[in-house]
Amino acid sequence: MPAWRPSTGHIRLLCFALCAIPLGQAAWWIASAQLGVNPIETLTHHSGQWALRLLLVTLAMSPLQRLARWRWPLQIRRQLGLWSFFYLLCHFAVYLVFDLSLSLARLGEEVLERPYITVGFAALLLLTPLAVTSTRGWQRRLRRNWKRLHRLVYPAAVLACVHFIWKVKVSEPEPFIYLTVLLVLFAVRLRRA
Amino acid sequence: ASTTRDGRVDYADGEALNSFEDITSYNNFYEFGTGKSDPARYAHTLELKPWTLRVDGECEAGGDFDLHQLIATLPSEERIYRLRCVEGWSMVIPWRGFELGPFLQRFAPTDKARYVAFETAVKPKQMRLNASGIDWPYREGLRMDEAMNPLSFMATGLYDKPLPRQNGAPMRLVVPWKYGFKSIKSIVRIRFTASEPQTTWNMLQPREYGFYANVNPTVDHPRWSQARERRIGELFKRDTLMFNGYAEQVAGLYDGMDLRKYY
């Protein structure tokens with residue numbers, strides 16, 4: 001009897017379900033009034049945290065595929081990246097609506113004057129074209145340039161970590177854990193090169 | 001300030017009070033952890049009795065006092081103050097306690113006393129003390145004229161209840177025109193000094209936190225704007241007021257001072 005192997009479709013469906021958990025969590029908190037004393041802060045932190053975590057998971061897929069010789073990591077990489085971008089958009093939307101009251105003038109001021117906003121916003125700008133060109137059509141159209149373009153994910157990930165480190169009031173372990181993971185992922189890639 | 005129906009003196013222009021639940025479950029008290037819910041989660045281990053208050057330095061009537069005995073002899077009153085955290089959130093809080101100035105006068109500060117320094121308890125078995133980089137005890141200080149301002153207050157209660165541990169039991173400072181970190185909690189020592197005392201956040205990040213730490217929407221924290229704040233209970237941010245809305249009472253303390261330099 002041949003061993004049962006999950007199909008690509010199953011793997012992608014499982015990935016979708018797992019990545020949707022933080023979204024479901026937030027929806028549940030909103031519906032049941034469990035966002036805590038400072039609900040906007042809770043949503044900002046939750047969305048930002050998952051954007052960064054899923055970005056790191058995305059970056060871990062190709063080393064995982066290479067080292068473990070599994071096929072599935074590459075089959076869900078695009079989806080993971082898009083989920084990360086989705087949480088990043090939520091993060092930015094909460095900030096723009098509730099912190100800045102939708103004022104673009106305030107946004108401009110913050111981007112220019114607050115380094116942690118500058119780097120966070122830069123990460124958003126770098127990741128936007130990657131999300132847009134994540135389709136197969138764009139991959140074909142851009143050919144070799146697609147790969148080059150998508151290397152922007154590395155500086156974006158660094159900026160995202162810096163954004164988090166600069167935001168916290170005293171040094172806390174969490175952002176440094178993410179930065180360490182990122183550096184390990186870089187090291188794995190460099191070793192191959 | 002006007003008096004409310006509950007007999008509280010309202011120094012917050014009739015703004016709605018934050019709930020006891022909000023005030024006691026979301027705040028900073030780094031001895032118990034750096035998360036906003038850490039104080040509520042971990043402060044229950046703090047033992048309040050006995051509690052000795054040491055008063056020393058440039059004063060004639062210092063000494064070690066049983067704090068509970070000491071405050072039992074003082075008349076108390078209720079005051080509603082705004083509290084603005086340096087992080088950009090704020091609350092409106094009904095404290096019970098007594099004015100700081102007359103309390104300090106009991107210890108007969110001498111002419112040399114130009115500042116007053118405060119220290120928080122350090123109890124390794126009862127506190128987590130795991131925030132990195134902080135040299136305990138937590139320290140704060142005021143210039144004497146700031147301490148003597150009628151707004152400066154010592155709180156021993158909150159909402160008709162004894163002050164909860166996470167909010168700084170048994171006694172904490174409340175300086176409503178300064179960022180919340182100036183309002184030091186769980187005080188064990190008061191010291192009158194001739195020179196400006198060291199203060200914890202200034203020691204940690206001198207560029208970001210000055211000795212004065214007056215609420216000032218025109219002087220930003222180096223990393224974030226102080227122009228607006230989120231009042232807990234509201235979704236959108238509102239404008240921060242100069243001296244947290246207490247300019248009339250305290251602006252004169254800083255006449256002629258460059259508030260960009262003395263932040």
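The values are calculated or read from the model by the stated rules, or taken from the named source; none is laboratory data. Small disclaimer: the values here were computed from a predicted structure and weren't measured. Quick reminder, even Gly has a Cβ in these numbers, built from the backbone with ideal geometry, and neighbours come from all protein chains shown. These accessible areas exclude ligands, DNA and RNA; they are computed on the full protein's heavy atoms, side chains included. Shrake-Rupley method; radii C 1.70, N 1.55, O 1.52, S 1.80 Å.
None of A:LEU43, A:LEU54, A:LEU35 is out of contact with any Lys or Arg (no Cβ under 8 Å at 6 or more places or on another chain), open to solvent by less than 30 Å² (accessible area, probe 1.4 Å), within 14 Å of chain B (Cβ to nearest Cβ) and not acidic (Asp, Glu) except A:LEU35. The residues of the range A:175-193 that are free of Cβ contacts under 8 Å to residues at least 60 places away in the same chain and either in a helix (DSSP H, G or I) or within 18 Å of the chain's Cα centre (by Cα) (or both), listed by number, are A:PRO175, A:PHE176, A:ILE177, A:LEU179, A:THR180, A:LEU183, A:VAL184, A:PHE186, A:ALA187, A:LEU190, A:ARG191. Being part of a loop (DSSP other than H, G, I, E, B), open to solvent by 80 Å² or more (accessible area, probe 1.4 Å) and over 23 Å from A:LEU67 (Cα atoms) is a property that does not hold for A:LEU112.
Of all the criteria given as (1) open to solvent by 40 Å² or more (accessible area, probe 1.4 Å); (2) within 14 Å of chain B (Cβ to nearest Cβ); (3) free of Cβ contacts under 8 Å to residues at least 24 places away in the same chain, the one not satisfied by A:TRP166 is (3). Can we say A:VAL119 is within 23 Å of A:PRO155 (Cα to Cα), within 13 Å of another protein chain (Cβ to nearest Cβ), buried (at least 20 other Cβ atoms within 10 Å of the Cβ) and at pLDDT 95 or above? In short, yes. Check whether at least one residue in the range A:17-24 is more than 30 Å from B:GLY233 (Cα to Cα), modelled with pLDDT of 95 or more, within 19 Å of the chain's Cα centre (by Cα) and loosely packed, with under 15 Cβ neighbours inside 10 Å, and report yes or no. Yes: one or more hits. Counting only helices (runs of 4 or more DSSP H) that sit completely within the range A:1-76, those holding 1 or more residues that are among the small types (Gly, Ala, Ser) and over 25 Å from A:TYR178 (Cβ atoms) correspond to A:8-19, A:21-31. The numbered conditions (1) modelled with pLDDT under 95; (2) in contact with an Asp or Glu (Cβ under 8 Å, 6 or more places away or on another chain) are all true for A:MET1 except (2). Among what's in the range B:158-190 and is charged (D, E, K, R) and open to solvent by 20 Å² or more (accessible area, probe 1.4 Å), pick the residue that is nearest to B:TYR11 (Cα to Cα). Taking the candidates together, the pick is B:ASP160.
Here B:LYS123, B:LYS112 are screened, and the one residue that is under 28 Å from B:ASP22 (Cβ atoms) and open to solvent by 10 Å² or more (accessible area, probe 1.4 Å) is B:LYS123.
State whether the residues of the range A:126-146 include one that is under 30 Å from B:GLY35 (Cβ atoms) and away from chain B (no Cβ under 14 Å). Yes; the residues of the range A:126-146 include at least one that is under 30 Å from B:GLY35 (Cβ atoms) and away from chain B (no Cβ under 14 Å).
The set of residues in the range B:126-157 that are in contact with a Gly (Cβ under 9 Å, 6 or more places away or on another chain), open to solvent by 30 Å² or more (accessible area, probe 1.4 Å) and more than 30 Å from B:GLN249 (Cα to Cα) comprises B:ARG128, B:ASN130.
Scanning the range A:145-153 turns up one or more residues that are out of contact with any Cys (no Cβ under 6 Å at 6 or more places or on another chain), basic (Lys, Arg) and part of a helix (DSSP H, G or I). Scanning the range A:103-137 for residues that are under 21 Å from A:GLY48 (Cβ atoms) and among the charged types (D, E, K, R) turns up A:ARG106, A:GLU109, A:GLU110, A:GLU113, A:ARG114.
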